[in-house]
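Only one structure is covered here, and it is reproduced in the block below.
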Amino acid sequence: MIHSLFIVNSSGDVFMEKHWKSVIPRSICDYFFDAQRKASNNEDIPPVITTPHHYLISVLRSNLFFIAVCMTEVPPLFVIEFLHRVVDTFEDYFGECTESIIKEHYVVVYELLDEMLDNGFPLATESNILKELIKPPNILRTIANTVTGKSNVSATLPTGQLSNVPWRRSGVKYTNNEAYFDVTEEVDAIIDKSGATVAAEIQGYIDCCVKLSGMPDLTLTFINPRLFDDVSFHPCVRLKRWESERVLSFIPPDGNSRLLSYHIGSQSVVAIPVYIRHNISFRDVGGGRLDITVGPKQTMGRVVEGVILEIPMPKCVLNCNLTVNQGKYTFDPVSKVLRWDLGRIDPAKLPNIRGNISIQSGSPPPESNPPINVQFTITQLAVSGLKVNRLDIYGEKYKPFKGVKYITKAGRFQVRT
């Protein structure tokens, strides 16, 4: 299965490697670096690279490349999912997954990788089991381990490892029992010059934070479950119950977990929550003009917050002299990216940016106008219309605190000008 793992930073340095079977020299990463040089940006690098004797399967997370090396044919999605699980585990343990954090916790990282993969095959990937096996690092534990020479690895096997519910440890007790669910939807859209929607779809996921005593059995029902096109579940969800009744029935993992991911495709009408009126023009003489106004649309009265517009300007642009009635803008003369951070949209006074664009003298005007990449957040709104109906708990007698939060964000949201 997986023979080796290499972690590469943004500078192209292999700063960590782990081998489970035979040691594979890090020169194997040269095939990856060749593919990186040929790609226009990091997202265009092929996730699977074939070499004469190996397969390199990689993911990009937190500006780091995680490259798995396999010597036999394996299902690529299986390896990709495992690599994402590795990064999720690091983020769960250390708060974030960066080069400095990994270097700071080298010992714990190697201990985790040893437990997550056994002889190249995934073994323990559930966060609850790993936290029983390897205690998350803190200052007191680090000092104690340094003095005594002990490690973070537990001497006893996790209780959940031997049960038929491996994602939940036994004997869980809480003073306050609570279950909270976050429904997050990311809108991927392409809007053409006239404001019409070329393509739009929603990538959504439901994250839960469940802190319940004992071994509760939960059912989560939706008002409109037929909205889901393509659903991916956590192993705790009973698939047959969902297929027959469209009800989520599960024994929840203890703590934080992603219950399900879903996709709402083009056959559904996706509401676009913002509109952009734009006028970008370049002339032969005297540079160009820019005038952009942003407003809310189909937000059901919710406030659009955290709005950021990024415009990759043509290479001939030298500078932008603009005025804004809200927020602030920056122009990077090296990357040629104009960034306007305007915050929240007030429908009574729509944000506007306008002014002149300076271009190199003697250079012809650009053949096409640049696109506008949009970021935004809307709280307490699921733009698809998805709503949780109720949450029921069985097998335990207490009444927990329950809550659901909805968030809509921009995914890959682009307006063509």
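The values are calculated or read from the model by the stated rules, or taken from the named source; none is laboratory data. From a predicted model like this one, the values you see are computed outputs, not experimental measurements. For neighbour counting, all protein chains shown are included, and Cβ atoms are generated from backbone atoms with ideal geometry for every residue, glycine included. When the accessible area is computed, the model is the full protein with side chains, heavy atoms only, and any ligands, DNA or RNA have been set aside. Shrake-Rupley method; radii C 1.70, N 1.55, O 1.52, S 1.80 Å.
Values computed for the structure shown
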| read-out | value |
| --- | --- |
| Gain in span if fully extended, GLN375 to ARG289, counting 0.36 nm per residue against the direct Cα distance | 28.7 nm |
| Label assignment, semi-axes √(5λ) of the Cα gyration tensor in Å derived from the structure, set (1) 42, 31, 20; (2) 44, 26, 20; (3) 33, 26, 22 | (1) |
| Among SER335, SER127, SER261: highest mean-square fluctuation, GNM of the chain, C-alpha pairs under 10 Å | SER335 |
| Net charge, GLY411 excluded, C-beta distance under 15 Å - Lys, Arg +1, Asp, Glu -1 | -4 |
| Relative packing of peptides 220-226, 247-253 - highest average C-beta neighbours within 10 Å first | 247-253, 220-226 |
| Label-point gap, in nm, between ILE190 and ILE101 - each point 7 angstrom along Cα→Cβ | 3.4 |
| Sulfur and carbon atoms: percent of accessible area, the chain [1.4 Å] | 51 |
| In degrees, nearest ten, helix 106-116 long axis to first principal axis of the chain (Cα) | 70 |
| Spin-label pair ILE223/ASN9, simplified geometry with 7 Å Cα→Cβ offset, distance in nm | 5.0 |
| Gain on full stretching of the segment that runs from ARG85 to LYS405 - 0.36 nm per residue minus C-alpha separation | 112.8 nm |
| For the chain, size of Cβ-based charge dipole, Lys and Arg +1, Asp and Glu -1, in debye | 1100 |
| Descending principal axes extents, region 1-79, alpha-carbon based, whole Å | 32, 24, 22 |
| Probe 1.4 Å - accessible area at MET1, Å² to nearest ten | 30 |
| Mean accessible surface per residue for the chain, computed with a 1.4 Å probe while every protein chain stays in place, in Å² | 51 |
| Accessible-area value, LYS315, 1.4 Å probe, nucleic acids and ligands omitted, Å² | 150 |
| Angle between the chain longest axis and helix 76-94 axis [Cα atoms, degrees, rounded to 10] | 80 |
| Counted charge near ILE345, where neighbours are those whose Cβ lies closer than 12 Å (Asp, Glu -1; Lys, Arg +1) | +2 |
| Environment charge at SER232 (Cβ cut-off 11 Å; Lys +1, Arg +1, Asp -1, Glu -1) | -1 |
| Region 325-391: relative contact order as a whole-number percent, Cα under 8 Å and 6+ apart | 20 |
| Listed residues GLN375, GLN203, GLN298, most fluctuating in the chain (Gaussian network, C-alpha, under 10 Å) | GLN298 |
| Contact order relative to length of the chain, as percent, for alpha carbon pairs under 8 angstrom and 6 or more apart | 14 |
| Rel. contact order, % - alpha carbon contacts under 8 angstrom, at least six apart, region 248-334 | 18 |
| Pairs from LYS103/LYS135; LYS240/LYS409; LYS193/LYS328 whose Cα-Cα separation, in the structure shown, is over 29 Å | LYS240/LYS409 |
| Residue order for SER244, SER257 - accessible surface, 1.4 angstrom probe, largest first | SER244, SER257 |
| Area accessible to solvent at THR125, 1.4 Å probe radius, in Å² | 40 |
| Extended-chain gain in nm, criterion 0.36 nm per residue less alpha-carbon gap, ILE308 and SER281 | 7.6 nm |
| Packing-based order for 345-351, 367-373, 81-87, using average beta carbon neighbours within 10 Å, highest first | 81-87, 367-373, 345-351 |
